[in-house]
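If you scroll down you'll find the structure; I have some questions about it.
Since every read-out is calculated from the coordinates, none of them should be taken as a lab result. All values reported here derive from a predicted model rather than from experimental measurement. All Cβ positions, glycine included, derive from the backbone under ideal geometry; neighbour counts span all protein chains shown.
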Amino acid sequence: MLSPEQSRLAFHVPAGYHMELVASEPMISEPVAIAWDGNARMYVAQMETYTQDADGTGTKEKRSRVMLLEDTDNDGKMDKSSVFIKDLLLPRMILCVNHELLVNETDTYDIYSYKDTNGDGVADVKKPAYILGKVAGGNLEHQRSGLDWNLDNYIYQTYDAVRFRYKNGVLKPDSMPSGSNGQWGLTHDNYGRLFFSRAGGENAGSGFQINPKYGQLEFSDAYNEEKFNRIWPIIATPDVQGGKPRLNPDSTLNHFTAANGQSIFRGDHLPADLVGDYLINEPVARIIRRAKVINNQGKTQLENVYDKKEFIASTDFYFRPNNTYTGPDGCLYIVDMSRGIIQESNWTPKGSFLRGKIDYYGIGKINQRGRIWRLVHDDYKRGPQPKMLDMPAKSLLAYLDHPNGWWRDNAQKQIIILEDKSVVPTLKAMVSGKNGTSALGRIHALWTLEGLNAIDKPTIYTALKDTDPQVKKTAIWISEIYLKQNDQAMMATIGKMINDENYDIRTQILLSLGSNKSALAKQIVEEILIQNANNQMITSVKKSIDKNEDAKIYGIKLAGFTPPERKLILAGGEIYKSLCSACHGADGKGLPTNAAPALRGAKHINADKDIAIRILMNGLKGPIEGKSYPSVMLAMNDNSDEWIASVVSYIRYEFVGTSMRVGKGRQSAVVQVSDVKKIREQHAAKTEPWTIEELEQLSTPPSQ
C-alpha cells in the first residue's frame, strides 16, 4: 500500500508530463466525482460506504458526504476542507450552479440544491430542484451519472431518458424518446457533442455520433474492435471479473472491462495536441487511454494515440481512476478511489473467480482512501484563479472567448443564471465576429443568447454566413426554434446549405429537419439523402430519426393491450433502454463487443416465460448455445416483482416473434406480477446464477 508520494512516483506518463497531488486522505475518502464552482472551490462527492468488504456490508447506510475543498494560496494543492453535506446515501451526481450545489444520491431520481449562507463551508439550506418521488431500483452501478451542463444549455445524465433545463432553482425535465446512453461518466467537447461509455458492455465509448434527443446511433467501426479494445497495462491484473479469459500470458488485462469517467480535454495549460482528445479510465487495468477523435465524412471514430502503450499507467496496485476533468487551471484532473475492490458486491460473491483473488490478496481491507491528481506539463505556470461568482454578467463576457473550455462553459452558465439581458447587444456583436471574437467564442455567444431567450433570426442569419463550419452548424442547431414553427424563410435559407463541403453541416441539417412534416423540409431532406446516398453517416442518421419518431408514438403499437398490460410493457421499455441495452443493445441484437447475447429472437425467452423470469431474477452463467461471454448475467432479484415483470414483458413483446403481439397469442408476451411472485417463492433459496442446462430441465411447454 503506497503513500500518496509513492503513488505519484508510480505513474508512467509521456515525456514532458508529470503528476501532482491535489488532495488525498485524510482530507478526502472514496471520491467518485468533483465539481468546481465559479471561484474554483472544489466539491467532492464521496461514496464512503461503497464495497467496504466483498459482501457489501453496510453499503446502503447513509454515511457518505460531499466535501468542500479550497486552495487558499493558489499553489495547486487543497489546503482547506469542510464537510459540506453529510449523511448521504452514496452521492453520485453533482453540479455547481451559482452559489448552490445540485446533488443526486443513489436509489433516488430526486435532485436537491444545497447552499451555504453563512460562509462556514457547510450547507445550511436544502431545496428540491427535481422531485420524481420514486425509488430508483437496481444495482448502484446501474444508475445514473453526469449532470453535465452541455453547450446547448441542457443538463444531461446517463441511463435515464430525460435531460433538464435549469430555471430559477428548478430543473425542468425534457424527455428523450429513444432513451439516454452510457453508465459511469459523461462529457462533451467544444461543440456540444456528448460522449458516453458503457462498462457493462465493455464499451470504451458510445453515444457520440448524434445527440440522444434525435435518437440512438452506433457504428461497429466507431473504433477498431481488435486494436482499440486491446489495452496495455504495466502491472499484473489478478482481480478481474472476467477471469483468465480476460488476462494475457503475463497476467495483465487484455481488454477494456470497466471503461468509465471519460472526458474530452479542453484546457489551455497542456500541449495543444491534447486538446480535443478523448480520455477514458480503465480502473481494473490501472490505466487511462488517450484517443484521437476523428471525423470521417461526418462519422466520428476513435483511435488510440499510442502503439501498444497507454497515455497514463501506474504500477500502484490501488490506483483506481473513476473520473477525469478539465480543470479551471487548464490541466487534467483525475479522481482516484485508491482502493482494493473496484466492483459492487453483486459481482464478488463467494465462489467467484474475483472473490477468490480478493480473499487471497486481502484487498477487501483497503478502503477509506482517495486521491485527486493533476496531470501537469513541465513548462506549466499557474495562472490566477477564477472569481466568477458575484461578478456582473458584463464582466463575464470576455471569458466566453477564453482558451480554456472550463472558463467558457462556466461563464456561459453563470450569465444565463443571472438572466441579465443588458449583455444581449454585446453578445450579438460577438456573434458577428467584428470585435475579433474567436470561432469558439462566437459559438458560446450564440448559445448564451439562446439560454437567455434572446436569440433572434437576424443573429442566426449572421451565423449561418460565418466562415467557420462549426459556427454555421451551431446556427442550424439553434434555428430549430424557428424550424419547429415551420418558418419557411429560415428553412429555405438552411436548405441552400445542403451542398456545403462540411459533412457536419449536412448532418445537422438532416437532424434539424429530418422529422419536420412540412413539404419544404421533406424536399430538403430528400435532396440530402439523394446526394449523399453513399455516405453511411447521412443514411444512418435518417434511420435513427425515423426510429426516434416511432418511439414518440410507441403507445399506438400497444392499442390492443389492456391498460395494465400497456403499463407493464412501457415501464419495462424505459428500464431496458436505460439499463439492459448497455449490454444487449438498444435493438436487442447485442453489441459489437459481444458483451452479452442477443435477445431478439432468443429461443429460451420466446419458448417459456418462466425461463425469462428465472434468468432476470437469478442471473445466468456459462455458454449459451455453444457461445461463451465475458461476464455473468447479474441477478436482479433485489428489484420488485413488478419491476421484473415489466422488463420481461417488454423483452418478450419487443424482441420475439409477432405471434405474441397479434391474435389470441399476443397476451402471452405479458408476464404478470403473480408469475414473478410464484418463481421467486419457488427458488427463494437460490443464490447462484442459472445455467442453460438447468433452465432447460425446469422448462415446461408454453401455455396455449
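So what's the back-of-envelope 222 nm ellipticity for the chain, counting only DSSP H runs of four-plus at -39500 (n - 2.57) apiece and dividing by all residues, rounded to 500?
Result for the chain: -8000 deg cm²/dmol, rounded to the nearest 500.
Between Thr467 and Asn295, what FRET efficiency follows from the Cβ-Cβ distance if R0 is 25 Å, with the result rounded to 0.05?
Values: r = 18 Å, r/R0 = 0.73.
The formula returns an efficiency of 0.85 here.
Starting from the Cα of Lys496, step 7 Å along the direction of its Cβ; do the same at Asn39; then give the gap between the two resulting points in nm.
5.1 nm
Restricting to Cα pairs below 8 Å that are 6+ residues apart, what does the relative contact order work out to for the chain? Please round to a whole percent.
Once normalised by length, the contact order is 11 percent.
Moving on. Work out the charge dipole of the chain with +1 on the Cβ of Lys and Arg and -1 on the Cβ of Asp and Glu about the Cα centre, then indicate which of Pro4, Leu302, Gln385 is farthest towards its positive end.
Ranked along the dipole, the leading option is Leu302.
Let me ask you something else. Under a Cβ-only charge scheme (Lys and Arg +1, Asp and Glu -1), can you give me the dipole magnitude of the chain about the Cα centre, in debye to the nearest 20?
1440 debye
Pairs Lys213/Lys517; Lys134/Lys609; Lys428/Lys473; Lys522/Lys547: which are spaced more than 21 Å apart, C-alpha to C-alpha?
From Lys213/Lys517; Lys134/Lys609; Lys428/Lys473; Lys522/Lys547, over 21 Å: Lys134/Lys609.
Among Gln485, Val525, Asn535, whose Cα projects farthest towards the positive end of the dipole of the range 480-539, with charges put on the beta-carbon of Lys, Arg (+1) and Asp, Glu (-1)?
So the residue furthest toward the plus end is Gln485.
Then there's this: Please work out the FRET efficiency for the pair Lys115 and Lys86, using the Cβ-Cβ distance as r and a Förster radius of 22 Å; give the result to the nearest 0.05.
Between Lys115 and Lys86 the formula returns 0.90.
Once a ≥ b ≥ c are taken as the square roots of the eigenvalues of the Cα gyration tensor of the range 4-377, is the result rounded (a/c under 1.5), prolate (a/b larger than b/c) or oblate (a/b not larger than b/c)?
Details: a/c = 1.27, a/b = 1.14, b/c = 1.11.
Rounded.
Also, I was wondering about something else. Distance in nm between label sites at Lys77 and Lys387, each 7 Å beyond Cα in the beta-carbon direction?
Reported label-point gap for Lys77 and Lys387 is 2.5 nm.
Quick one: putting +1 on the C-beta of Lys and Arg, -1 on the C-beta of Asp and Glu, what dipole do you get for the range 4-377 around its Cα centre, in Debye to the nearest 20?
Using Cβ point charges on Lys, Arg, Asp and Glu, the range 4-377 gives about 680 debye.
Continuing with the same structure: What percent do you get for the relative contact order of the range 70-175 when only Cα pairs under 8 Å and 6+ apart count? Walk me through the numbers before you get to the answer.
Numbers: 193 pairs, mean separation 17.9, N = 106.
Relative contact order comes out at 17 percent.
Under unit Cβ charges (Lys, Arg +1; Asp, Glu -1), what dipole magnitude, rounded to 20 debye, does the range 393-532 have relative to its Cα centre? Kindly include the intermediate steps, with their values, before the conclusion.
Working: 16 positive and 15 negative charges, 43 e Å.
Dipole about the Cα centre, nearest 20: 200 debye.
Most exposed first by the Cβ proxy, i.e. fewest other Cβ within 10 Å, how do Lys434, Lys472, Lys621, Lys567 rank? It would help to have the intermediate numbers written out before the result.
Values: Lys434 8, Lys472 21, Lys621 18, Lys567 15.
By the 10 Å Cβ count, ascending, the order reads Lys434, Lys567, Lys621, Lys472.
To the nearest 0.05, how large is the calculated FRET efficiency for Ile234 and Arg600 if R₀ is 60 Å and r is the Cβ-Cβ distance? It would help to have the intermediate numbers written out before the result.
Working: r = 40 Å, r/R0 = 0.67.
Computed FRET efficiency for Ile234 and Arg600 comes out at 0.90.
Compare the peptides 674-685, 575-586, 536-547 by average per-residue count of other Cβ atoms within 10 angstrom and give them in order, highest first.
With the highest mean Cβ count within 10 Å placed first, the list reads 575-586, 536-547, 674-685.
Compute the length gained on full extension between Lys457 and Glu226: take 0.36 nm times their separation in residues and subtract their Cα-Cα distance, giving the result in nm to one decimal.
78.4 nm is the gain from fully extending Lys457 to Glu226.
For the charge dipole of the chain, defined by +1 on Lys and Arg C-beta atoms and -1 on Asp and Glu C-beta atoms about the Cα centroid, which residue among Ser64, Ser515, Gln52 has the Cα displaced farthest towards the positive pole?
In the chain, that residue is Ser515.
Given 10 Å bins starting at zero, what is the percent of C-alpha pairs of the range 393-532 in each, up to the one with the largest pair distance?
12, 41, 30, 14, 2
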